[in-house]
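The values are calculated or read from the model by the stated rules, or taken from the named source; none is laboratory data. Everything quoted here is computed from the prediction, not taken from an experiment. Backbone-built Cβ (ideal geometry, glycine too); neighbour counts: all protein chains shown.
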């Protein structure tokens, strides 16, 4: 996940927490392809909130925290989900202050992450 997102090894804790969070709504072979969530709560989990790890996210800056001509949004990186911390929000990394924050009102740009990934290079020689 770190390599796909192009993030440094400093974010390994966020990857572990995100993978742990994604295990509950994922089907398991041992459970007969059922999810632990559906067995516990007796209904299917809602997966509509899941986003691509490491994607660019834009958060709205409230009017009382910015000046008149300052931008209305700030760029972040999605590093996880707040439900594992008791908050129903996305966990974001601020590129300016290098701090984490939780927010719900986010606009995601997942396509730019997929476009910036390096495509595998084609070999220009033939093995005989």
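So for the range 21-32 (the condition being touching a residue at least 12 places away in the same chain (Cβ under 8 Å), more than 24 Å from residue 3 (Cα to Cα), within 21 Å of the chain's Cα centre (by Cα) and surrounded by 15 or more Cβ atoms within 10 Å (Cβ to Cβ)), does at least one residue qualify?
There is no residue in the range 21-32 that is touching a residue at least 12 places away in the same chain (Cβ under 8 Å), more than 24 Å from residue 3 (Cα to Cα), within 21 Å of the chain's Cα centre (by Cα) and surrounded by 15 or more Cβ atoms within 10 Å (Cβ to Cβ).
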Residue 75 at positive phi and out of contact with any helix residue (DSSP H, G or I) (no Cβ under 7 Å at 6 or more places or on another chain):
no
I'd like the full set of residues that are modelled with pLDDT under 90, surrounded by fewer than 13 Cβ atoms within 10 Å (Cβ to Cβ) and over 17 Å from residue 62 (Cβ atoms), limited to the range 86-114.
86, 88, 95, 111, 112, 114
What about residue 18, is it modelled with pLDDT of 85 or more and outside any strand (DSSP E or B)?
yes
Which condition breaks for residue 36 when tested against (1) modelled with pLDDT under 90; (2) in contact with a strand residue (DSSP E or B) (Cβ under 9 Å, 6 or more places away or on another chain); (3) surrounded by 14 or more Cβ atoms within 10 Å (Cβ to Cβ); (4) within 18 Å of residue 15 (Cβ to Cβ)?
(4)
I'd like the residue in the range 78-95 that is in contact with a strand residue (DSSP E or B) (Cβ under 7 Å, 6 or more places away or on another chain) and free of Cβ contacts under 8 Å to residues at least 24 places away in the same chain and, out of all such residues, is farthest from residue 47 (Cα to Cα).
95
How about the range 44-59: which of its residues are at pLDDT below 85 and touching a helix residue (DSSP H, G or I) at 6+ places or on another chain (Cβ under 9 Å)?
44, 45
Please state which of the following conditions residue 119 fails to meet, knowing it meets all the rest: (1) in contact with a helix residue (DSSP H, G or I) (Cβ under 9 Å, 6 or more places away or on another chain); (2) at pLDDT below 90.
(1)
Is the range 45-59 home to any residue that is free of Cβ contacts under 8 Å to residues at least 60 places away in the same chain, surrounded by 15 or more Cβ atoms within 10 Å (Cβ to Cβ) and assigned to a helix (DSSP H, G or I)?
no
What residue, of 8, 62, is exposed (fewer than 12 other Cβ atoms within 10 Å of the Cβ), under 30 Å from residue 97 (Cα atoms) and touching a helix residue (DSSP H, G or I) at 6+ places or on another chain (Cβ under 9 Å)?
8
